[in-house]
Structure formats: structure tokens, C-alpha cells
Amino acid sequence: MKFYIKTFGCQMNENDSEAMAGLLVKEGFVPASSPEEADVVIVNTCAVRRKSEEKAYSELGQILKLKKKRKLIVGVAGCVAEKEREKFLKRGADFVLGTRAVPRVTEVVKRAIHGEKVALFEDHLDEYNHELPRMRASKHHAWVTIIHGCDRFCTYCIVPYTRGRERSRPMVDILEEVKELAEQGYREITFLGQNVDAYGKDLKDGSSLAKLLEEASKIEGIERIWFLTSYPTDFSDELMEVIAKNPKVAKSVHLPVQSGSNRILKLMNRRYTREEYLALLEKIRSKVPEASISSDIIVGFPTETEEDFMETVDLVEKARFERLNLAIYSPREGTVAWRYYRDDIPHEEKVKRMQFLMSLQKRINRKLNERYRGKTVRIIVEAQAKNGLFYGRDIRNKIIAFEGEEWMIGRFADVKVEKITAGPLYGKVVWVEKVPSSVPSSE
């Protein structure tokens, strides 16, 4: 039987989809290239933003229409599945799989094939280990989840309710997975967690993200290590030191701020002030001068005034982010903000504020990118884009596009930057690693 998985949302969802695909392949299922070719379709959903949730519902609707025309097993996984639970069975799905039950996907699919309506939400994260087979999208880069869940309980965020409390994987298990990836030819890994900096705190054995990065960097064959996503009050001096000194650890930090207003930050339960956040950025940059810092901001949070918004604008101007993800606030059912705060900012005003920040960030990006003009940077070639150009990232997570060939994917290349935009950079290859080997990163 053939299966197809449609994934929405973050890298954690992508990693979950790779795990589900690997488990299904191990049991003899075959990947399909589209829902039309599949016998089993799984929609892996995201509930962090209303837009992502709406896209998932739309996709599910199309697949259920397909189910009316022929025999088809349809399942829903991910955060919306966890939030809505058995409701999807009433909508026509054959099974629903909770975020902590991913390792049991084959059991659930088989039960559905035999005509049983299944909703499984039991916690099986202990099975989410290095032995869990995965069908990875890339042959040189791999996602590695190191901590599940979140304990921060930001008032706007649904994640603690859909993915549970923080639970770290044992370091020995993670390192075993990384060793296996290196043996399979993977050169880059990204450690994942809703709050990746909290890794190890619940283990109470001295484990930390900084120590994990150090140990993983010792594994032969692993050339670059990334990590997502950080939380400001958990970002340690120890972690800064590792980023600064270890040549394999990416000089890229994603550090969501969400707002530049202290009043809004307090309503969001973000546990820091704008002054503390800006001081942290200054400290990171003093210890890691080449650090590339990106962030997330939510516009239009309940009661956000023009003054609050201008404080966010001021923070963006001061922070000089290399990348900024912007989102319009949307109430998430079950959160504190949904229960107690009225969504009182008109949609038109939210859009206006987001567009203002987008324009500001483009100007900042363009100016920061000028530093790359004429510079030769080392990248790992990642893939071919739809426009036919190939691209890769330097150790600061800057995307550079160029004319290349498929054999270059997964290899180091030096690219001289010739064209600057507010987004990707464009250049010409001046050197490509012919045979994959241990090559030190360079700037």
C-alpha cells in the first residue's frame, strides 16, 4: 500500500513526518508522490497560527472529497489533531494521532485499514529515540529532536497544551543518533526543541545544550550543527562560549522577542523586559562578533496601542536582526489570551503594522547584506531552487544562490558574492569540494 504525508508547520512537524514515513516504510508501505496515488493519506497539522490551521483544514477537506470517490484511509496528526482530538473522526477521518503518539503510527494505520476508527493520544515519547527509523528529506542534513514540549506557557501559545511539558532525550541516545547519521553520510544536523535551550534541565544529570553541542561536534563526519528555537532567559553564557569557540557550531541564533513593549511582554508572560533582551543581544555579539541573530514578532496582540507598536519598531531598529518572522496575532483556543483577553485590534490595523515592520526589516536586511558584496564565503550546497539556481547557507545562515550542478549538493563550496538583495545573495562558485571529507568551516 502507498502512503502520502502532507506536513504543515515547524521543523518539529517535519521531523515527525520523517519519523512516520520511516516507520511506515519499515512495515512495507511505499511512499506516494501525491494524495491521488496513495492508499493512506496523513495530514500533519500545525495549530500555532490560525493561517496554518486553516490550510490544514482546507487540505483535509480536499482529501476527504477524494475519499468519497474511492477507497482511502485518511488520518490527522500534529497539533490540531491534539487540540481537536476525536472531532476529526466525526468529520470523516479514519484515525487521529496525537503529537506524543507518533512512534505508534503503523499500529494506528493498520487498525484503520481493518475498519476501526482510532484516536490515539497516549504518551509514547520514550520510543522517540535513535532507533526510530526515519525517511529523511535530505541526504546531507538531518533534523534531530532533543527536547519535546514547552514549560514557558506564553499566554498566546498553544504548544504546551498540544505537545505537553518539557521532556529531554538522554544525551547518550541523541549522540548515538548523530553517530549513525554521520555513518550514513550526513554532514549537517539541526537540534530541535520548542525551547531548545532548556535541554537537559529536567534530566538533572548535568546535561545541557552547550555540552551536547560540544560532544556532537567531536563526531567525525559532522561538519555543521544548528539549533532551534532559543528562549531569551534560558540562553546561557556557557552556550555563548561554545558558539564562539567551536568551528562546527553555526554562528546563527534564532531568539524570538515577540514584542518591544514591556507592557505587552508582561501580558504575553514572556519573563523578560525589552531592556534585558537588548542587553542579551549585546552580550551575544560581544562574545560572538560574527553572530547572526534572527527573531519572531507578533503584531496586534490584545490591547497593543500605537505606542506599544512603536516600541517594537524601536527595538527592531536597535536589534538589527538578520531575519525577522512576522505574524499577526490570532487567538488560539485554550490559551490564556483566548480565555481572558479580547482580540480588540482591528485586522486592518494588524496588517498595517505588519507591513510597516516588513518594510523596515527589508531595509535593514539590504544594508546588512551589503557586507557580503565581493566576499567569498563557504557554504554547504543545499538544493536546487525552482528557478534552476542552486543554493546553500554559510555558517551564519545566509542563503547564497548560484549556477551549479546536482552533484554539488551536500558538498562544501566557496561562492563569491556578486549581487545583493534584501533576501538571498547571488554569486559565482570559485571552488567545490570534489569528494566529501572533513573540511573546516571558514568565513
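The values are calculated or read from the model by the stated rules, or taken from the named source; none is laboratory data. Please read these numbers as outputs of a predicted model, since none were measured by experiment. Cβ coordinates were reconstructed from backbone atoms using ideal geometry, including for glycine residues, and neighbour counts include every protein chain displayed. When the accessible area is computed, the model is the full protein with side chains, heavy atoms only, and any ligands, DNA or RNA have been set aside. Shrake-Rupley method; radii C 1.70, N 1.55, O 1.52, S 1.80 Å.
Which one of these is at pLDDT 95 or above, at negative phi, of a type outside the set (S, T, N, Q) and within 19 Å of the chain's Cα centre (by Cα): 203, 192?
Working: 203 fails: within 19 Å of the chain's Cα centre (by Cα).
The unique qualifying residue is 192.
For the range 3-34, enumerate the residues that are in a strand (DSSP E or B) and surrounded by 16 or more Cβ atoms within 10 Å (Cβ to Cβ). Let's see the steps before the verdict.
First, the residues of the range 3-34 that are in a strand (DSSP E or B): 3-7, 30-31.
Listed by number, the residues that qualify are 3, 4, 5, 6, 7.
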Would you pick out the residues in the range 203-226 that are closer than 25 Å to residue 160 by Cβ and either of a type in the set (Gly, Ala, Ser) or in contact (Cβ under 8 Å) with a residue 40 or more places away in the chain (or both)? 207, 208, 209, 210, 212, 226
Within the set of pairs 6+ apart or on separate chains, which have a first residue in the range 354-370 that is under 11 Å from residue 316 (Cα atoms) and of a type outside the set (S, T, N, Q), a second that is assigned to a helix (DSSP H, G or I) and open to solvent by 50 Å² or more (accessible area, probe 1.4 Å), and C-beta atoms under 8 Å apart? 360/317; 364/317
With respect to the numbered conditions (1) surrounded by 23 or more Cβ atoms within 10 Å (Cβ to Cβ); (2) more than 18 Å from residue 210 (Cβ to Cβ), which one is the sole condition not fulfilled by residue 271? (1)
What number of residues within the range 212-258 satisfy the criterion of being under 20 Å from the mean Cα position of the chain (by Cα), open to solvent by 10 Å² or more (accessible area, probe 1.4 Å) and aliphatic (A, V, I, L, M)? 1
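Considering only residues of the range 160-192 that are touching a residue at least 60 places away in the same chain (Cβ under 8 Å) and open to solvent by less than 10 Å² (accessible area, probe 1.4 Å), which is nearest to residue 232 (Cα to Cα)? If you could, list the steps in order and put the result at the bottom.
Step one: list which residues in the range 160-192 are touching a residue at least 60 places away in the same chain (Cβ under 8 Å), which gives 161-164, 185, 187-188, 190, 192.
Imposing the further condition that a residue be open to solvent by less than 10 Å² (accessible area, probe 1.4 Å) reduces the set to 162, 164, 190, 192.
Values: 162: 22, 164: 20, 190: 19, 192: 16 Å.
In this case the residue turns out to be 192.
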In the range 288-307, the residues that are exposed (fewer than 15 other Cβ atoms within 10 Å of the Cβ) and under 25 Å from the mean Cα position of the chain (by Cα): 289, 290
Does residue 261 satisfy being open to solvent by less than 10 Å² (accessible area, probe 1.4 Å) and not acidic (Asp, Glu)? yes
Filtering the range 355-396 down to residues that are hydrophobic (A, V, I, L, M, F, W, C) and more than 19 Å from residue 428 (Cα to Cα) yields 356, 357, 358, 360, 364, 368
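Could you check the range 35-152 for helices (runs of 4 or more DSSP H) lying wholly inside it with 1 or more residues that are under 30 Å from residue 267 (Cβ atoms) and open to solvent by less than 10 Å² (accessible area, probe 1.4 Å)?
Values: elements: 50-69, 79-84, 87-91, 105-113.
Passing ranges, in order: 50-69, 79-84.
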Pairs under 7 Å by beta carbon, first residue free of Cβ contacts under 8 Å to residues at least 60 places away in the same chain in the range 125-141, partner surrounded by fewer than 17 Cβ atoms within 10 Å (Cβ to Cβ), six or more apart or different chains? 129/173; 130/173; 130/176; 130/180
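Would it be correct to say that residue 197 is within 23 Å of residue 277 (Cβ to Cβ) and among the acidic types (Asp, Glu)?
Working: within 23 Å of residue 277 (Cβ to Cβ): yes; among the acidic types (Asp, Glu): yes.
Yes: the conditions hold for residue 197.
Considering only the range 339-358, I want to know if a residue exists there that is in contact with a Phe, Trp or Tyr (Cβ under 6 Å, 6 or more places away or on another chain), closer than 19 Å to residue 51 by Cα and basic (Lys, Arg). Don't jump to the end; show me each part of the working.
Of the residues in the range 339-358, the ones in contact with a Phe, Trp or Tyr (Cβ under 6 Å, 6 or more places away or on another chain) are 353.
Still in the list and also closer than 19 Å to residue 51 by Cα: 353.
Remaining after also requiring basic (Lys, Arg): 353.
Yes - at least one qualifying residue is present in the range 339-358.
Could you grab me the full set of residues in the range 269-304 that are of a type in the set (A, V, I, L, M), touching a residue at least 60 places away in the same chain (Cβ under 8 Å) and over 22 Å from residue 353 (Cα atoms)?
Here is the first cut: in the range 269-304, the ones of a type in the set (A, V, I, L, M) are 278-281, 284, 288, 291, 293, 297-299.
From what's left, touching a residue at least 60 places away in the same chain (Cβ under 8 Å): 291, 297-298.
If the condition is that a residue be of a type in the set (A, V, I, L, M), touching a residue at least 60 places away in the same chain (Cβ under 8 Å) and over 22 Å from residue 353 (Cα atoms), then 291 is the only one that fits.
Confirm whether residue 286 is farther than 21 Å from residue 196 by Cβ, small (Gly, Ala, Ser) and not in a loop (DSSP other than H, G, I, E, B). Walk me through it before giving the result.
Working: farther than 21 Å from residue 196 by Cβ: yes; small (Gly, Ala, Ser): yes; not in a loop (DSSP other than H, G, I, E, B): yes.
Yes; evaluated as a whole, the condition is true for this residue.
Could you please let me know if residue 209 is open to solvent by less than 10 Å² (accessible area, probe 1.4 Å) and within 17 Å of residue 168 (Cα to Cα)? Walk me through it before giving the result.
On the way: open to solvent by less than 10 Å² (accessible area, probe 1.4 Å): yes; within 17 Å of residue 168 (Cα to Cα): yes.
Yes; evaluated as a whole, the condition is true for this residue.
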If you scan the range 308-333, which residues turn out to be in contact with a helix residue (DSSP H, G or I) (Cβ under 9 Å, 6 or more places away or on another chain), open to solvent by 20 Å² or more (accessible area, probe 1.4 Å) and under 24 Å from residue 47 (Cα atoms)? 323, 324, 326, 328, 331, 333
